[in-house]
Amino acid sequence: MSLRFSSHVLNLHSAKHQTFFNRFSSDFITRIQVSSTTPYALPYSPLNKLSREKFNHRPITASVTPSAETVESSSFRAKKPNDVNVLVVGSTGYIGKFVVKELINRGFNVIAVARERSGIKGKNSKEETFNELKGANVCFSDVTNFDCLEKSLESLSVPIDVVVSCLASRSGGVKDSWKIDYEATKNSLVAGRKFGASHFVLLSAICVQKPLLEFQRAKLKFEAELMKEAEENGGFSYSIVRPTAFFKSLGGQVELVKDGKPYVMFGDGKLCACKPISEPDLASFIADCVLSEDKINQILPIGGPGKALTPLEQGEMLFKLLGREPKFLKVPIGIMDFAIGILDNLVKIFPSMEDAAEFGKIGRYYAAESMLILDPETGEYSAEMTPSYGNDTLEEFFERVLREGMSGQELGEQTIF
Ligand SMILES: NC(=O)c1ccc[n+]([C@@H]2O[C@H](COP(=O)([O-])OP(=O)(O)OC[C@H]3O[C@@H](n4cnc5c(N)ncnc54)[C@H](OP(=O)(O)O)[C@@H]3O)[C@@H](O)[C@H]2O)c1
């Protein structure tokens with residue numbers, strides 16, 4: 001059996017992490033002044049003549065200490081979108097790309113931070129990244145290296161109003177998840193703050209409400225520090241977006257079923273449910289978080305339109321679209337527990353297998369846990385409590401994949417089992 005999981009997971013604190021942590025203090029965040037005559041440094045971008053002109057009229061006086069000046073900087077909400085500079089990290093990801101597009105469509109000045117080789121397995125060249133992020137000021141940098149990120153942002157010579165993070169580990173490896181979901185995301189916060197950001201929009205995940213996996217702990221640690229930053233600095237705010245399942249996470253079986261294979265599900269296919277949300281709908285919700293006052297300092301769970309769907313219902317939908325009798329393969333969830341038990345024991349002998357063991361736990365988690373709000377009173381998942389947003393339905397997505405394939409819907413980089 002081959003199971004694929006989207007990139008995520010979790011791990012431990014390194015010495016590097018500790019150094020980084022020490023950095024995140026008010027002392028470290030200092031006031032910067034950059035002359036408006038500083039030549040523009042968007043050295044890799046052929047796109048930004050207009051933006052540069054616009055920015056050139058905006059000398060930087062970015063303040064990041066928790067002072068009245070910081071509060072003043074939050075007045076970006078009173079500005080027109082084309083006067084608001086939004087830094088997007090994770091801009092080349094499944095959701096990040098759509099967030100960049102949406103922000104550009106809404107008229108914001110978007111600075112998209114990207115790697116020189118972006119995308120799954122670094123398949124995109126700089127030129128391809130420019131094309132993908134058309135309309136944004138593309139800033140090639142390294143979010144995992146604070147000094148590098150800081151220098152890159154300094155060279156832009158523009159203030160940042162808002163940071164939007166769509167970062168996530170691509171490999172899903174244990175260390176990589178802490179490095180990206182916690183450390184690099186925090187680098188983006190600290191660097192963004194240094195250059196004036198007074199609002200941070202974080203793409204998180206609804207599953208962190210029941211943290212059994214390391215990547216969830218990494219995300220929660222960053223969420224906690226983000227909230228603390230807002231608590232301690234009146235002029236700074238956040239919006240934490242916790243979506244339910246993405247379409248890509250539910251489309252993995254469409255082509256197999258089209259080819260005549262059964263739809264595979266755990267237990268009776270009703271162990272879990274979700275309200276899947278499309279990339280454009282989620283991007284729109286995230287873009288709302290940039291200016292909406294009612295999303296300030298909020299944790300925002302969000303699903304797509306329509307009712308919550310179990311794997312059984314998703315399978316039935318697929319067979320209906322194909323005009324075929326449903327054919328299911330029901331796998332006992334105990335098989336996952338057995339595999340995880342073996343992997344956990346192997347890790348004790350071969351520590352290098354920690355990622356494989358964690359992937360097993362991730363698989364088990366998503367096979368049995370719903371991507372819905374966990375009602376604190378009943379301890380049960382509640383579809384009713386999970387808000388819906390947008391228009392795109394899973395049925396339309398399945399139709400599209402049946403027609404056009406899964407292109408653009410690839411998961412992360414690891415295949416396990
Ligand atoms: N899958 C789901 O159903 C689901 C549901 C709810 C929430 N979420 C959450 O949504 C978030 C985003 O997911 P996604 O699918 O959009 O992620 P993704 O497609 O894997 O994109 C990850 C982004 O992070 C960047 N990144 C990763 N490693 C990096 C590194 N070492 N250095 C620099 N940049 C790096 C990637 O850049 P490159 O292009 O250069 O690799 C890319 O821009 C995650 O936090 C996830 O937990 C997912």
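The values are calculated or read from the model by the stated rules, or taken from the named source; none is laboratory data. What you see is a predicted model; the values in this text were computed from it and never measured. As a convention, Cβ positions derive from the backbone with ideal geometry for all residues, glycine included, and neighbour counts pool all protein chains shown.
Take D344 and decide whether it is under 21 Å from C207 (Cα atoms), assigned to a helix (DSSP H, G or I) and of a type in the set (D, E). So D344 does not fit the description; no.
Pairs are defined by a Cβ separation below 8 Å, a sequence spacing of at least 6 or placement on different chains, a first member in the range 244-264 that is over 19 Å from F328 (Cα atoms), and a second member that is assigned to a helix (DSSP H, G or I) and within 15 Å of the ligand (Cβ to nearest atom); the pairs so defined are T244/I206; F246/E279; F246/L282; F247/E279; F247/L394; F247/F397. For beta carbons closer than 9 Å, sequence separation of 6+ or different chains, a first residue in the range 164-189 that is at positive phi and a second that is more than 10 Å from the ligand (Cβ to nearest atom), the qualifying pairs are G172/L10; G172/D355; G172/E358; G172/F359; G172/I362; G172/Q414; G172/I416.
For the condition among the hydroxyl-bearing types (S, T, Y), more than 9 Å from the ligand (Cβ to nearest atom), within 27 Å of S198 (Cα to Cα) and out of contact with any helix residue (DSSP H, G or I) (no Cβ under 9 Å at 6 or more places or on another chain), S125 does not qualify. Restricting the range 79-99 to residues that are part of a helix (DSSP H, G or I) and over 21 Å from D281 (Cβ atoms), the residue that is nearest to the ligand (Cβ to nearest atom) is N82. Taking S152 as the residue in question, decide whether it is within 11 Å of the ligand (Cβ to nearest atom), small (G, A, S) and modelled with pLDDT of 95 or more. Considered against the rule, which asks whether it is within 11 Å of the ligand (Cβ to nearest atom), small (G, A, S) and modelled with pLDDT of 95 or more, S152 comes out as no.
Taken as a whole, the structure places K121 among residues that are in contact (Cβ under 8 Å) with a residue 40 or more places away in the chain and part of a helix (DSSP H, G or I). Taken across the range 281-292, residues that are over 20 Å from V208 (Cβ atoms), acidic (D, E) and within 13 Å of the ligand (Cβ to nearest atom) do occur, with at least one present. Restricting attention to the range 243-277, the residues that are of a type in the set (S, T, N, Q) and at pLDDT below 95 add up to 1. Across the range 365-395, the qualifying residues are those that are touching a Lys or Arg at 6+ places or on another chain (Cβ under 8 Å), under 20 Å from K270 (Cβ atoms) and not β-branched (V, I, T), and the one among them that is nearest to the ligand (Cβ to nearest atom) is M371.
Rundown of residues vs (1) surrounded by 23 or more Cβ atoms within 10 Å (Cβ to Cβ); (2) touching a Ser or Thr at 6+ places or on another chain (Cβ under 8 Å); (3) closer than 22 Å to E229 by Cβ, yes/no style:
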| residue | (1), (2), (3) |
| --- | --- |
| N82 | no, no, no |
| V89 | yes, yes, yes |
| V100 | yes, yes, no |
| G135 | no, no, no |
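Given the criterion under 21 Å from the mean Cα position of the chain (by Cα) and without any contact (Cβ under 8 Å) to a residue 40 or more places away in the chain, identify the matching residue among D142, D147. None of the others qualify; the one that does is D142. Tell me yes or no: at least one residue of the range 403-412 is farther than 20 Å from F98 by Cβ, away from the ligand (no atom under 16 Å from the Cβ) and not in a strand (DSSP E or B). Within the range 403-412, one or more residues are farther than 20 Å from F98 by Cβ, away from the ligand (no atom under 16 Å from the Cβ) and not in a strand (DSSP E or B). Would you check if V401 is aliphatic (A, V, I, L, M), in contact (Cβ under 8 Å) with a residue 12 or more places away in the chain and closer than 28 Å to R242 by Cα? Against the criterion (aliphatic (A, V, I, L, M), in contact (Cβ under 8 Å) with a residue 12 or more places away in the chain and closer than 28 Å to R242 by Cα), V401 qualifies.
Mind listing whichever residues of the range 157-180 are crowded, with 24+ Cβ neighbours inside 10 Å, away from the ligand (no atom under 15 Å from the Cβ) and not β-branched (V, I, T)? If the condition is that a residue be crowded, with 24+ Cβ neighbours inside 10 Å, away from the ligand (no atom under 15 Å from the Cβ) and not β-branched (V, I, T), then D161 is the only one that fits. Within the range 292-329, being in a helix (DSSP H, G or I) and either surrounded by fewer than 20 Cβ atoms within 10 Å (Cβ to Cβ) or on the phi > 0 side of the Ramachandran plot (or both) holds for E293, D294, L312, E313, E316, M317, F319, K320, L321, L322. On the stretch given as the range 181-219, residues that are among the small types (G, A, S), in a helix (DSSP H, G or I) and surrounded by fewer than 24 Cβ atoms within 10 Å (Cβ to Cβ) total 0.
Taking the listed residues L291, L321, L312, the one that is among the aliphatic types (A, V, I, L, M), in contact with a strand residue (DSSP E or B) (Cβ under 8 Å, 6 or more places away or on another chain) and touching a residue at least 24 places away in the same chain (Cβ under 8 Å) is L312, with no other qualifying.
Residues that are within 10 Å of the ligand (Cβ to nearest atom), hydrophobic (A, V, I, L, M, F, W, C) and surrounded by fewer than 22 Cβ atoms within 10 Å (Cβ to Cβ) occur in the range 111-122; there is at least one. From the list E377, E395, which residue is of a type in the set (D, E, K, R) and not in a helix (DSSP H, G or I)? That would be E377, the only listed residue that is of a type in the set (D, E, K, R) and not in a helix (DSSP H, G or I).
In summary, G363 fulfils each of the numbered conditions (1) surrounded by fewer than 18 Cβ atoms within 10 Å (Cβ to Cβ); (2) closer than 25 Å to T244 by Cβ with the single exception of condition (1). Checking each residue in the range 129-148 for being within 11 Å of the ligand (Cβ to nearest atom) and under 20 Å from V84 (Cα atoms) picks out only L133.
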